[in-house]
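The values are calculated or read from the model by the stated rules, or taken from the named source; none is laboratory data. These numbers come from a predicted model, not from an experiment. Because the Cβ atoms are built from the backbone with ideal geometry, glycine has one as well, and the counts that use them run over all protein chains shown.
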Amino acid sequence: MKEYERSIVEYFQKDFKSDLISVNVLTDSFITSEIVRSGLTLLPFLVIGFVIMATFSSITFSISATALKQMNIHKITLAVMACVTPFMACGASLGGMFWANFRFGSILCVTPFLVLAIGVDDAYLMVNAWQRITTHRRKMPIDNVNAEVRRRITEMLVETGPSVSITTITNVLAFGIGALTPTPEIQLFSIGNALAVVVDFIFQVILGKFFFIFDSGWTKHVD
């Protein structure tokens, strides 16, 4: 059936010619293919946006770390992962939606851009708090390195947790209201964004700790 519909569309688009009749073909398979095609046109912009954001984050993280005498290679790792984590969250959340039989919509291609902005903003808060805590704690004697790393991570999460959590909650509530609207595309868009924001929060709290641990090992040697 899809092949038949596709052949009809191709005939009226390429072969049919008339000065009197204007034919517009609308089928489910044609709409789906157009949605996929328009969504794929956004892929280059995702790559460009990731490169720009990762480069900017690497530069700013490096400048801040150098000023505080904490510069190491893992500052670049933190900057890159701050941009990778939102895309991982989008992949996990949207993949879960499709697995749960939600339909695909081209409007979901906007989700990675929104989650990237939210995720990088949270990462800046966490890195800034981590560097400030490291500057304060390095002046104190260290008896146990592992305990010191846990203490720094705990202080960082305590300091940034409310801000990051409130950001996540407000975004989820905003998109939750959008999910109640009768427009199907807005519902799909809101549900996808809400799930992606929640997954990004979980990934940042869980995965972020490991990269801060790596950073603490190098910072210890710098100290």
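For the range 46-73, give me each residue that is under 30 Å from R138 (Cβ atoms), part of a helix (DSSP H, G or I) and either over 20 Å from the mean Cα position of the chain (by Cα) or small (G, A, S) (or both). Once the filter is applied, which keeps residues that are under 30 Å from R138 (Cβ atoms), part of a helix (DSSP H, G or I) and either over 20 Å from the mean Cα position of the chain (by Cα) or small (G, A, S) (or both), the range 46-73 yields A54, S57, S58, S62, I63, S64, A65, T66, A67, I73.
A single member of A100, A67 is free of Cβ contacts under 8 Å to residues at least 60 places away in the same chain, under 14 Å from Q131 (Cβ atoms) and surrounded by fewer than 18 Cβ atoms within 10 Å (Cβ to Cβ), and it is A67.
One residue is enough: does the range 45-61 have a residue meeting the conditions hydroxyl-bearing (S, T, Y), over 18 Å from T168 (Cβ atoms), surrounded by 13 or more Cβ atoms within 10 Å (Cβ to Cβ) and at pLDDT below 85? Break it down into steps so the answer makes sense when it comes.
Step one: filter the range 45-61 for residues hydroxyl-bearing (S, T, Y), giving 55, 57-58, 60.
Those still in the list that are over 18 Å from T168 (Cβ atoms) too: 55, 57-58, 60.
Pick out the ones that are also surrounded by 13 or more Cβ atoms within 10 Å (Cβ to Cβ) and you get 55, 57-58, 60.
Those still in the list that are at pLDDT below 85 too: none.
No; the residues of the range 45-61 include none that is hydroxyl-bearing (S, T, Y), over 18 Å from T168 (Cβ atoms), surrounded by 13 or more Cβ atoms within 10 Å (Cβ to Cβ) and at pLDDT below 85.
Condition check ((1) surrounded by fewer than 21 Cβ atoms within 10 Å (Cβ to Cβ); (2) free of Cβ contacts under 8 Å to residues at least 12 places away in the same chain; (3) over 30 Å from T134 (Cα atoms)) across all residues:
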residue	(1), (2), (3)
E155	yes, no, no
T160	no, no, no
I166	yes, yes, no
V172	yes, no, yes
T181	yes, yes, yes
Q187	yes, yes, yes
G192	no, no, yes
V197	no, no, no
D200	no, no, no
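I'm checking my understanding of the structure. Among residues of the range 155-198 that are charged (D, E, K, R) and more than 18 Å from F113 (Cα to Cα), which one is nearest to the chain's Cα centre (by Cα)? Only one residue tops the list, namely E159.
Do we find a residue being out of contact with any strand residue (DSSP E or B) (no Cβ under 8 Å at 6 or more places or on another chain), modelled with pLDDT of 85 or more and not hydrophobic (A, V, I, L, M, F, W, C) anywhere in the range 30-41?
So in the range 30-41, the residues out of contact with any strand residue (DSSP E or B) (no Cβ under 8 Å at 6 or more places or on another chain) come out as 30-41.
Narrowing the set further to residues that are modelled with pLDDT of 85 or more leaves none.
No, every residue in the range 30-41 fails to be out of contact with any strand residue (DSSP E or B) (no Cβ under 8 Å at 6 or more places or on another chain), modelled with pLDDT of 85 or more and not hydrophobic (A, V, I, L, M, F, W, C).
Consider the range 143-171 and keep the residues that are among the β-branched types (V, I, T) and in contact with a Lys or Arg (Cβ under 8 Å, 6 or more places away or on another chain). The one that is modelled with the highest pLDDT is I153. Restricted to the range 133-147, and to residues there that are assigned to a helix (DSSP H, G or I) and in contact (Cβ under 8 Å) with a residue 60 or more places away in the chain, the residue that is nearest to the chain's Cα centre (by Cα) is T134.
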